[in-house]
1. With within 25 Å of the chain's Cα centre (by Cα) and hydroxyl-bearing (Ser, Thr, Tyr) as the only criterion, which of A:41, A:52, A:32 stands out?
2. Select from the stretch A:89-120 the residues that are touching a helix residue (DSSP H, G or I) at 6+ places or on another chain (Cβ under 7 Å), among the charged types (D, E, K, R) and touching a residue at least 40 places away in the same chain (Cβ under 8 Å) and write down the one among them that is nearest to residue A:322 (Cα to Cα).
3. Determine whether residue A:228 is more than 15 Å from the chain's Cα centre (by Cα) and over 30 Å from residue A:299 (Cβ atoms).
4. Inspect the stretch B:286-308 for any residue being of a type in the set (Val, Ile, Thr), surrounded by fewer than 24 Cβ atoms within 10 Å (Cβ to Cβ) and within 22 Å of residue A:234 (Cα to Cα) and give the result as yes or no.
5. Considering each of B:246, B:286 in turn, give the residue that is within 13 Å of another protein chain (Cβ to nearest Cβ) and modelled with pLDDT under 95.
6. How many residues does the stretch B:249-272 contain that are touching a strand residue (DSSP E or B) at 6+ places or on another chain (Cβ under 7 Å), within 14 Å of another protein chain (Cβ to nearest Cβ) and hydroxyl-bearing (Ser, Thr, Tyr)?
7. Scanning the stretch B:271-285 for residues that are buried (at least 21 other Cβ atoms within 10 Å of the Cβ) and more than 18 Å from the chain's Cα centre (by Cα), which turns out nearest to residue A:192 (Cα to Cα)?
8. Residues in the stretch A:184-218 that are on the phi > 0 side of the Ramachandran plot, in a loop (DSSP other than H, G, I, E, B) and not charged (D, E, K, R): how many?
Number of protein chains: 2
Amino acid sequence: MRKQRVLVLGATGLVGSTLLQILEERNFPVDSLRLLGTARSEGTIMNVFGDSVRVEPVTPGCFKGIDICFFAASADAARVLARQASDNGAVVIDKSNAFRMDTRVPLVVPEVNSHHLERHRGIVGSPNCSTIQMVVALWPLEKAARLRRVVAVTYQSVSGTGKQAMQELSVQSEHVLEGRAVRPQVYPAQIAFNLIPHIDDFGEEAYTGEEWKMVKETQKILDRPDLVISPTCVRVPVFVGHSEAVLCETEKTLTPTAARDLLSQSPSIEILDDPDENLYPLPVHVASTDKVYVGRLRKDLSSPNGLWLWIVADNLRKGAALNAVQIAERLIEMDLL
Amino acid sequence: MRKQRVLVLGATGLVGSTLLQILEERNFPVDSLRLLGTARSEGTIMNVFGDSVRVEPVTPGCFKGIDICFFAASADAARVLARQASDNGAVVIDKSNAFRMDTRVPLVVPEVNSHHLERHRGIVGSPNCSTIQMVVALWPLEKAARLRRVVAVTYQSVSGTGKQAMQELSVQSEHVLEGRAVRPQVYPAQIAFNLIPHIDDFGEEAYTGEEWKMVKETQKILDRPDLVISPTCVRVPVFVGHSEAVLCETEKTLTPTAARDLLSQSPSIEILDDPDENLYPLPVHVASTDKVYVGRLRKDLSSPNGLWLWIVADNLRKGAALNAVQIAERLIEMDLL
C-alpha cells in the first residue's frame, strides 16, 4: 500500500493514543506522522513506530502536505479545523459528532457501508461508539431478514467520556470503599457503584443526545431512514467496554440458530454464547480486543420475529479508534485519497 | 390492630435483618417475636423493639403458637418448613421461589393484587425483587390502558444475592484498584467494574431463571397469563438498588404526561423525572427508602402505543422485606389470619 502522510489531532487523549497503538499494530503504511494537540498537551513526547514524536500545537498551515487526518478531538475543534484540513487536500476521518448527520459527509462502519466512502468530499465521519458495535451486529440480520424494529438498552463504560472520567470512577470507588463522601465532577451524579441513565444532553422527546445518535446514525449507516429504533442509554461503573441488550424484529423469521450462523460468518463478530458453560460476552474480557462479541442470542418472548442479542465491544477500539483506522485502510484500498 | 405472635426464619440474612428493622419502623403489632436461623447463626443476639432476641435453631414444634411466619430463607428451607408452619396454624409469608408458581399460593404485591390474599391456604408468596418494582409501576398503566407487551432490561445490584456478594464486590473492587488479581467466588465471573448477563440458572429457550420469574410472576400477579413479557436480566456492580429500563405497549394510547399523572397518584410511586434538572432515579439515592421511583418517562420511538420507564427501588426493602411486611399488614386488615 502506498505510504501516507498522517496527522493525528487529539493525539494524547484516550482515543488518540489508542489510535496510535492501532496504527502500529496494523502496520499502517505511514510515510510521515504529525501529532497535534491542545495547548495543554503541546510538547508531550509520544512513542510511535519506535520514534519519539513531539505533540505540536495547531498552527496556520499545519494541515499542508497531509494525506490523512485522524481527528480524535471535540466536535467544536472538528467544526473549526476539518474544512481547513480538507481544503489543503487531506481526507479527514472525524470521530466527533460534528459532521455525522451532514448529508455531504459519509458516516462509515467499513464492514457495513464502505461503499458510502465513494461520495466523500474530504471528510468522513466515524460513528458514535454505541452505534458502531450495534450496527456491526445488526448488519448480517438486516441483509438476510430486513430489520423492522430495534429496541436497544445500553450499559456504557466511563472510558467513553475520557481519561478524567476513568480517574473519577477510580477515585470515587476508593472513597466509597473507605466510607468517605463523594463529589461528582465529570458526571452529574456519583458513578461509583451507581448508574446514570443520562449520556450527553437531553433533547427532543426527552431522549438524550446519545440516544438520538443511536437512532439517526444507525438509520444513515444502514440507508434505512424508515427503520424505527428506540434506545435507552445508561452509564455504568465499568472502565472499558460497552454492553448492549438489543431486541430486533425482522421481516423474515430468523431462528436463533440461523441468526448465530449468519453472525458467525462476519469476520468482525465473535459469538460467545453457551449457557451450559456460563459463556457470554463480558466487558472485562473485551478490553483491548478488536471484535464485536455477541451472546445471549435467543427468541423474543413478546413478538413472532424478535431476537435478543447481548453485544459487547471495546468502545475505545472498535467503538472509536479502530473504526477510524479501518476507514483509512478502506480509503486506501478503494483509491479514494 | 390485634397483636401478632411473629416468627422470622432467616433473621440474620440481609432480607431477614431488613425485615426486623421494617417491623420496628412501621410499629408492626408484635405480641411475641421468635427468630430462627441456620446452625451458623444460632445464638446470635439481635436487637429488635429494644429487646435482645436470641436466634434459635429450627426444632420440632418451633412453629406452634405462631400467627405469622416470615420466611426470609432459601427455597429449599421453605419447601421443607412452610407446610409444617401452616399446619400449625401460622400463615407463612415466603420470600423464596419455592411456592410462587403454585396455583394454591397467592403471589402478592399488596398495591396490586391484595384481593388474591382471600384465597390463601396458609402460605403467601412474595415475588422476586425485579418483578415487584416493575409490577408496582406497571399496575396503574394496566388499569388505565391495558398492557399489550412488556420489554424489560434490568440492572440488578449484588445485595439481591446476599451478604457474601456485597463483600465480593467490595473486595474485588479494592483488588482491581490495587492492580491485584480477582478470584470470583459468589458469581461466575468478576463483578467489580464489570457486568454479568446471567442471574439464576439458565432454563428454557436460553432465558435465565430470573428472566422467567419476571415473565411468569408478572402474569400471575396481574391475572394476565396472555401478557407477553420479554426480559434481559443483568447483574451490575451496585451494592443496593435494582434499576430497570422497561418498554411497555398498551392497548389504549397514553401520552407520557397522562402516564406520569397516573403513576403519581399511586402512594407507592415517586416520579423523579425532570431532564432540565438532571433528575431521574439513581440506585444510590433509593437505598433505605420504601418507594418505587420512576423517571425517563417518554414515548417509545418504535411503536405507536409504547412508553419507556426507568424504574428504581431498594431491592431489599420494597423488593423483599417491605413487601412481606405489607402483605402481613393486609392480612391483618382483611382479617385473614
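The values are calculated or read from the model by the stated rules, or taken from the named source; none is laboratory data. What you see is a predicted model, and the numbers here were worked out from it, not measured in a lab. Methodologically, a virtual Cβ is constructed for each residue, glycine included, from the backbone with ideal geometry; neighbour enumeration extends over all protein chains shown.
1. Being within 25 Å of the chain's Cα centre (by Cα) and hydroxyl-bearing (Ser, Thr, Tyr) holds for just one of A:41, A:52, A:32, which is A:41.
2. A:95
3. Criteria not met by residue A:228.
4. No, the stretch B:286-308 has no match at all.
5. B:286 is the lone residue from the list that is within 13 Å of another protein chain (Cβ to nearest Cβ) and modelled with pLDDT under 95.
6. Matching residues across the stretch B:249-272 total 1.
7. B:280
8. 1
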